[in-house]
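I have placed the structure first, in the form of structure tokens, so that the comments after it can refer back to it.
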């Protein structure tokens, strides 16, 4: 029998955990897969109705459904990565008796799953908008991918940090989802920072999620104003989040196993 390489073992572990996550999360519900599309779609419809009532159909050169999809779906992605990280250890604790399965794998698999799901959901939402007759044109795919990846690693870094905290201190950790919820209203999910008063812009610009969302939107509009956001700031915040997340995990992973 041929001995598997460490890479083959790691890929097998990730594949097994991904399959388990899919069955656990969606296997018990017939509409489980459909819900991941319905959740952002319902929010898009609500804000679309609000804007339509005000007779506004374009924001920054983007059709309203495209503008809302590229704001709501990425934010839900960020929130989901962090939320899923909170229970990554507790949900997979029984598997850590196998030496091939590491604590880090539990975080990594949940992150990768959300990363793929959100990308597919966003593709479906934008394809639906195009099918309904709205203008959907990807002007700069590299800008979109760069912003999406930076948002992904920002989410993963914060997810690691909060996941460690919630595992070691579950009682105060219960407040993390409560803190995440108001972020939706300051992350540009349903508005552009360019439409805000200058005083509000200075405050909102501290939020790296807003930078990621606005930069993603700019990939769909030639004239979208991104003068108030930057890849540099988003990159610095992502680097800080990943560094803190990895350092926190490295310092506490053994303690999490004993919890």
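For the reader, a short list of remarks on this structure follows.
- Qualifying residue in the stretch 89-97 (condition: modelled with pLDDT under 95, under 18 Å from the mean Cα position of the chain (by Cα), closer than 29 Å to residue 20 by Cβ and part of a helix (DSSP H, G or I)): no
- One residue from 162, 190, 156, 220 being touching a strand residue (DSSP E or B) at 6+ places or on another chain (Cβ under 9 Å) and either at positive phi or surrounded by 20 or more Cβ atoms within 10 Å (Cβ to Cβ) (or both): 220
Matching residues to (1) under 21 Å from residue 51 (Cβ atoms); (2) assigned to a loop (DSSP other than H, G, I, E, B); (3) in contact with a helix residue (DSSP H, G or I) (Cβ under 6 Å, 6 or more places away or on another chain):
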| site | (1), (2), (3) |
| --- | --- |
| 178 | no, no, no |
| 200 | yes, no, no |
| 206 | no, yes, no |
| 232 | no, no, no |
| 238 | no, no, yes |
| 242 | no, no, yes |
| 250 | no, no, no |
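- Criterion (closer than 13 Å to residue 74 by Cα and not in a helix (DSSP H, G or I)) met by exactly one of 190, 144: 190
- Lone qualifier among 245, 173 - being modelled with pLDDT of 95 or more and farther than 26 Å from residue 125 by Cα: 245
So that you can scan it fast, the table gives a plain yes or no per residue for (1) without any contact (Cβ under 8 Å) to a residue 24 or more places away in the chain; (2) within 28 Å of residue 109 (Cβ to Cβ):
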site: 159; (1), (2): no, yes
site: 171; (1), (2): yes, yes
site: 198; (1), (2): yes, no
site: 201; (1), (2): no, no
site: 214; (1), (2): no, no
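- Looking only at the stretch 168-187, residues that are within 14 Å of the chain's Cα centre (by Cα) and more than 20 Å from residue 248 (Cβ to Cβ) come to 4 in all.
The values are calculated or read from the model by the stated rules, or taken from the named source; none is laboratory data. On a predicted model such as this, the values are computed, not experimentally measured, just so you know. Note that we place each Cβ from the backbone using ideal geometry, even for glycine, and neighbour counts take in every protein chain shown.
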